[in-house]
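Bear in mind these aren't lab numbers, they're just calculated from the coordinates by the rules spelled out. Not measured: the values here are computed from a predicted model. Quick reminder, even Gly has a Cβ in these numbers, built from the backbone with ideal geometry, and neighbours come from all protein chains shown.
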Amino acid sequence: MAKNSQFLQKNSSLLNIYGYHSVKAALKNDKRRKKRLILNPTSAENYYDEFKGKIKEIIIISQKEFKNKYSKDENTQGIVLQAFDLKELTLKEILKNSSKNKESILLLLDQVNDPHNIGAIMRSAALFNCLSIIISENNSPEMNSTIIKSASGAAEIVSLIKVPNISRCINELKKNDYWIIGLDSEADKTLDKFDIPKKSVFVLGSEHSGLRELTKKNCDYKISIKNKQYKYFEIDSLNVSNAASIALYEYNKKYNIDY
């Protein structure tokens, strides 16, 4: 047990994973390379015995130093794991893996750029057996500490697939027998009355402006989620992570996905 801060120099190749659940999941993932675990005295008292057999290097630093280094932007719970990014999968690999499946569900995020929302969507995706989320290379954040913390362990299960062009990606998905379903709050057809295809991609737009017009045109269907709206108070649409959860639930319910 080392009480020394000399090893805490920043390394751009490392990613900081914050919080108990995210760190615990990362330590369990054999595919993720881990370097060191950093604890403050309080978290060391609570979790050192639990973690000591799961990683070789554990460092304990003072509350003050920990706060200065790691607690400015995140609720770390006094736990930081320095680890490396997981291997990124490609769209081609995902399509190859799903080619023999009669049923398959994917999510595509069209310029969703809030890392908290992306993390929350990953958590819902994991719970509803959607193991790949497609994002744009140019208009989405890189995998980062906030996404991983918000995903609360799901970042070890669900892959973020980066594509350079959403329209070309949609065309490729269609060639591989996927139906493209845009979630659009203004669509007349509602999810509860919609016959969801066996191989589906739910497309969700940005938090502020929804789906882009070109993306809408490329969708096979546009559907809304039935809800009560309060136009006077401008409460007229679901948060993107809530919408993703409902859509994934409806798909799982229809096909009786066995967990």
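Summary table
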quantity: Only Lys, Arg (+1) and Asp, Glu (-1) charged, at Cβ; segment 92-190 dipole about Cα centre in debye; calculated: 400
quantity: Assigned charges on the beta-carbon of Lys, Arg, Asp, Glu; segment 91-255 dipole about Cα centre (debye); calculated: 560
quantity: Bridge type composition, segment 15-83 - antiparallel percent by DSSP, nearest 5; calculated: 75
quantity: Dimensions in Å of segment 40-166 - Rg and Dmax from alpha carbons; calculated: 17.4, 55
quantity: Cα convex hull volume per residue for the chain (Å³); calculated: 149
quantity: Global form of segment 123-259, assessed from the alpha-carbon gyration tensor, a/c cut-off 1.5; calculated: rounded
quantity: Charge dipole (the chain, unit charges on Cβ, about Cα centre) - positive-most of ILE61, ALA126, SER99; calculated: ILE61
quantity: Per DSSP, loop trypsin sites (Lys or Arg not before Pro) in segment 100-162 with at most 15 further Cβ within 10 Å; calculated: LYS100, LYS102
quantity: Spatial separation of Cα centroids for segment 101-122 and segment 129-201, in angstrom; calculated: 4
quantity: Spin-label model distance (nm) - LYS217 vs ASN46, 7 Å beyond Cα toward Cβ; calculated: 5.3
